[in-house]
Amino acid sequence: MLGRAGLRERRSRRRGFTLVELLVVIAIIGILIGLLLPAVQAAREAARTTQCKNNLKQNTLAVHLYHDTHRCLPPSSFPPDPTWTYAVCWFGEVNYAANQVDITKGIITRYIENNKGVFQCPSLASGQLSLLYGGGTGGYGYNQNCGTTYYPPPNYWPPQVIIKRFADFPSTGRQVLFTDSAWVNTYYTPPKAEENYFIQGPEDYNFFTSPGTHFRHGGRIACAAFLDGHVETWRMANVPPPGYWPQEAKDLLEKVGIGYLSEKSVDLYRPY
């Protein structure tokens, strides 16, 4: 039998991990994390996309309720007040002087019970875009072909409110109403990507069309709500940016992922 001294000697011979073994374990853990992290990120983005689609469905339902009440679709905005300080838009009343939004006064706000959460796209990452009015627009754009304030040339005054009804759209299942939205503001030097609260088709020149759908979700897809109430995910159509844009604006458009749902306006943005 071993005495106490023998037991102490055997215990002293037990060793821990060597440096090589420790490095191998760390490397294995790193590989596992590297394999799991993309899956976790993809799952999170899928959840955000689902939430975005639910938000757009709620906004579309609000448009339907507005139509039931007023017998017309809401415009994207009403004309501003005479001092150009305030304008009532679909998501709230904009105070241009204070760069703020009062969401309680939006055109469709009462129909979503002042729940501003449905105006906020969960995938609108801070820092990716310059936020308008403190992020008050939430990252969604309303199709101006469904109603808007129009400034007719050549004087672009006085403004005209264009009103549409369901009867004006033969195929509500093909008429886009809302999408994830942003645009490249070329009035700045250098240009910058901003939130935007309306969209147009690529051939809607009377609305001074500009690429306006933001393909911000995983795999460069955008959520789009249609007039009949259903919501889909779409990929960007192959529409080149305006030829007169500076190259840095074109590069920014590609980098951020802003474009159109279709190469044509007819049949998706407007029926005719």
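Laid out as a table, the results:
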| quantity | calculated |
| --- | --- |
| Single unsatisfied condition, residue 44 versus (1) modelled with pLDDT under 70; (2) of a type in the set (Lys, Arg); (3) assigned to a helix (DSSP H, G or I) | (1) |
| Candidate set from segment 250-271 (those that are within 16 Å of the chain's Cα centre (by Cα) and under 13 Å from residue 143 (Cα atoms)); member that is surrounded by the fewest Cβ atoms within 10 Å (Cβ to Cβ) | 261 |
| Given (1) crowded, with 16+ Cβ neighbours inside 10 Å; (2) under 25 Å from residue 188 (Cβ atoms); (3) more than 16 Å from the chain's Cα centre (by Cα); (4) not basic (Lys, Arg), index of the condition residue 151 fails | (1) |
| Boolean, residue 121 is assigned to a loop (DSSP other than H, G, I, E, B), surrounded by 20 or more Cβ atoms within 10 Å (Cβ to Cβ) and either on the phi < 0 side of the Ramachandran plot or not basic (Lys, Arg) (or both) | yes |
| Out of 199, 162, 221, sole residue that is in contact (Cβ under 8 Å) with a residue 40 or more places away in the chain, crowded, with 21+ Cβ neighbours inside 10 Å and in contact with a helix residue (DSSP H, G or I) (Cβ under 9 Å, 6 or more places away or on another chain) | 199 |
| Residue list for segment 48-92, filter: modelled with pLDDT of 95 or more and acidic (Asp, Glu) | 68 |
| Matching option when the condition is in contact with a Lys or Arg (Cβ under 8 Å, 6 or more places away or on another chain) and within 20 Å of residue 143 (Cα to Cα), among 103, 107 | 103 |
| Failed item, numbered, when residue 114 is tested on (1) on the phi < 0 side of the Ramachandran plot; (2) out of contact with any strand residue (DSSP E or B) (no Cβ under 7 Å at 6 or more places or on another chain); (3) assigned to a loop (DSSP other than H, G, I, E, B); (4) not aromatic (Phe, Trp, Tyr) | (1) |
| Number of positions in segment 131-153 that are modelled with pLDDT of 90 or more and under 20 Å from residue 223 (Cα atoms) | 8 |
| From the options 53, 105, residue that is of a type outside the set (Asp, Glu), over 17 Å from residue 198 (Cβ atoms) and touching an Asp or Glu at 6+ places or on another chain (Cβ under 6 Å) | 105 |
| Positions within segment 233-251 being in a loop (DSSP other than H, G, I, E, B) and either in contact with a Lys or Arg (Cβ under 6 Å, 6 or more places away or on another chain) or under 30 Å from residue 57 (Cβ atoms) (or both), in sequence order | 236, 237, 238, 239, 241 |
| Test result for residue 59, closer than 29 Å to residue 175 by Cα, surrounded by 11 or more Cβ atoms within 10 Å (Cβ to Cβ) and out of contact with any Pro (no Cβ under 7 Å at 6 or more places or on another chain) | yes |
| Residue among 142, 66, 86 that alone is farther than 28 Å from residue 267 by Cα and of a type outside the set (A, V, I, L, M, F, W, C) | 86 |
| Residues (under 19 Å from residue 135 (Cβ atoms) and either more than 20 Å from the chain's Cα centre (by Cα) or in a loop (DSSP other than H, G, I, E, B) (or both)) located in segment 64-85 | 76 |
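The values are calculated or read from the model by the stated rules, or taken from the named source; none is laboratory data. Computed from a predicted model, the values in this text were never measured in an experiment. Glycine gets a Cβ as well: all are built from the backbone with ideal geometry, and neighbour counts include every protein chain shown.
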